[in-house]
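Scroll down for the structure; my scribbles are underneath it.
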Amino acid sequence: MPEHPADRTTAAATSVRSQDRPTPTEPPLAPALEPALEPAREPAIWSADFRRYFTARSAGLLSWAMLPVAVSAGLLSGGYGLDTAGYAMAFLVGPFAGLVLFGGVLADRFTARRMMIAADLANLGAHVLLAVLFIHGIDHLWQLYALLTVAGTANAMFQPGASSTVPLVARDVQGANGVLRTSEALTGLGGPALAGALVGLGATGWVMAVSAVAYGTSAFCLFTLRLGPVPAPPADQGLWRNLVVGWQEFRARSWLWGVIVIWMVFAVLSWGPQLSVAAGVIVPEHGATAFGLLNCALGAGTVAGGLLAIRYKPARPLAAGAVATLTYPLYPLGIVLGWPVWLLAAAQVAVGAGIGVWGVMWATSVQTQVPGEVLNRVHAYEVAGSVGMYPVGSALAGPAVTAFGTDRVLLVGIAVALLTSTALLAARPVRTLPRAQPRP
């Protein structure tokens, strides 16, 4: 068994920073009066604070989902080439991948809520300027690249706090993650569609305006949160010391770094290459519309998985999530076997459901097993490790297909996906990690 975070919490000297008002402690009641006078408890999921946080998170996710489509399609429709669109995405994603670790440190030092509000306000300003840029025309590409860098940096500052805030706004952390995962899937479906429709009407600038309003809404909702005491690192620790402590806390949990190591291999050899390789088969044979519908089916499955995970609460969440990932090979297997589009869509629904269940189980485990005073930093290391290898796998897809052929690349991805599920179940710290007790 890995070391339980509670053992580390009791041994560590931590400070607490209050963001708004601490929750008062109720005096004990006499047993005879308890049934009549027991105060009403807040809903396990849909408390007032969670409703505000849900609105904020959904607005931000919608904007983030729209931005890549709007920028890429807007540049191409404006006469720019694929290289310009590629550089634009690099300026957007690069700062996120490179700075998310520092976002975790700053979120722990200054509280996640403050960092998230600051990030939303930075995104609001960047998107207002992007709207002006696209409406009046791009005179200099460096202006676009600079604004996209601001947006990527802001999201790197926002992301770590997005995880640590969930336990503060909902008693049912897994149920809350299920709701948020469902919202993420729905905005992932609706955001690109809305952006594509507006760009098709020649209104790329208005996509940015909608995004700016969404970020303003998110900042306002986060500002109105009323959180209790928030754990924070000792005030005398420097930035680099905070970063080192975060790494030590990440490394001390074998179930945590074990999953990330397994996921890094999966990202390079299976997850990363699959989208572009699948597009290279589906689009020529069935058309771009069919490929889009298949990705919609994946989103629909993710919604179903998130809804299922709201109620399904196994004693060993990571083991249950690993079993759910066994659906992942169905889609690439169907491509290799030449399944019709309707059967590939059914496979994508199953894949999405498995991914949705795993995502909720994983997020809940991290949020409930890691002490609050280091959670932002640990989450930042987790994001950097799990997401950072995806671009590597995506970049290798083309050369791999050229060298080995499409079917072989997909078959390797299938084998690696099965080995990933097997490795997660075989690793004792991952398989036996228990469900954390609900926080009072």
Problem set entry | Top-ranked residue of the stretch 388-429 - restricted to ones that are of a type in the set (A, V, I, L, M, F, W, C) and not in a helix (DSSP H, G or I), ranked as modelled with the highest pLDDT | 427
Seminar exercise, completed: Residues in the stretch 382-433 that are of a type in the set (Asp, Glu) and farther than 27 Å from residue 96 by Cα total 1
Problem set entry | Matching helices (runs of 4 or more DSSP H) fully within the stretch 45-142 where at least 2 residues are modelled with pLDDT under 80 and surrounded by fewer than 22 Cβ atoms within 10 Å (Cβ to Cβ) | 48-77, 82-110
Exercise. Is it true that residue 183 is assigned to a helix (DSSP H, G or I), surrounded by 23 or more Cβ atoms within 10 Å (Cβ to Cβ) and polar (S, T, N, Q)?
Worked result: no
Exercise. Does the stretch 210-219 contain any residue that is buried (at least 22 other Cβ atoms within 10 Å of the Cβ) and either touching a His at 6+ places or on another chain (Cβ under 7 Å) or in a loop (DSSP other than H, G, I, E, B) (or both)?
Worked result: yes
Exercise. Can residue 171 be described as in a helix (DSSP H, G or I) and of a type in the set (D, E, K, R)?
Worked result: no
Problem set entry | Enumeration of residues in the stretch 297-320 that are buried (at least 16 other Cβ atoms within 10 Å of the Cβ) and over 26 Å from residue 258 (Cβ atoms) | 297, 298, 299, 300, 301, 303, 304, 307, 310
Problem set entry | In the stretch 132-176, the residues that are within 30 Å of residue 314 (Cβ to Cβ) and out of contact with any His (no Cβ under 9 Å at 6 or more places or on another chain) | 165, 166, 167, 168, 169, 170, 171, 172, 173, 174, 175, 176
Exercise. Quick one: which of 314, 332 is more than 21 Å from the chain's Cα centre (by Cα), assigned to a loop (DSSP other than H, G, I, E, B) and modelled with pLDDT of 85 or more?
Worked result: 314
Problem set entry | Unique match (being under 18 Å from the mean Cα position of the chain (by Cα) and farther than 11 Å from residue 154 by Cβ) among 85, 119, 73, 97 | 97
Exercise. When only residues in the stretch 390-415 that are of a type in the set (Val, Ile, Thr) and surrounded by 14 or more Cβ atoms within 10 Å (Cβ to Cβ) count, which is nearest to residue 94 (Cα to Cα)?
Worked result: 392
For this session: Would you mind stating whether residue 382 is in contact with a strand residue (DSSP E or B) (Cβ under 7 Å, 6 or more places away or on another chain), outside the structural domain of residue 101 (by TED's automatic domain parsing) and in a helix (DSSP H, G or I)?
Result: no
Exercise. Hey, among 152, 202, which residue is in contact with a Ser or Thr (Cβ under 9 Å, 6 or more places away or on another chain), in contact (Cβ under 8 Å) with a residue 12 or more places away in the chain and not assigned by TED's automatic domain parsing to the domain that holds residue 379?
Worked result: 202
Exercise. At pLDDT 95 or above, surrounded by fewer than 23 Cβ atoms within 10 Å (Cβ to Cβ) and either of a type in the set (Ser, Thr, Tyr) or assigned to a helix (DSSP H, G or I) (or both) - does that describe any residue in the stretch 276-292?
Worked result: no
Problem set entry | Contacts under 8 angstrom Cβ, first residue in the stretch 84-113 being outside the structural domain of residue 153 (by TED's automatic domain parsing), partner surrounded by 19 or more Cβ atoms within 10 Å (Cβ to Cβ) and modelled with pLDDT of 80 or more, 6 or more apart | none
Problem set entry | Filter pass, residue 435 being surrounded by 18 or more Cβ atoms within 10 Å (Cβ to Cβ), touching a residue at least 60 places away in the same chain (Cβ under 8 Å) and charged (D, E, K, R) | yes
For this session: Give me a count of the residues in the stretch 321-346 that are buried (at least 23 other Cβ atoms within 10 Å of the Cβ) and of a type in the set (Gly, Ala, Ser).
Result: 3
For this session: Name the one entry in 17, 41 that is assigned to a strand (DSSP E or B) and either at pLDDT 60 or above or of a type outside the set (Val, Ile, Thr) (or both).
Result: 17
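The values are calculated or read from the model by the stated rules, or taken from the named source; none is laboratory data. The structure displayed is predicted, hence computed values, not measured ones. Ideal geometry is used to build each Cβ from the backbone, glycine not excepted, and the neighbour counts take in all protein chains shown.
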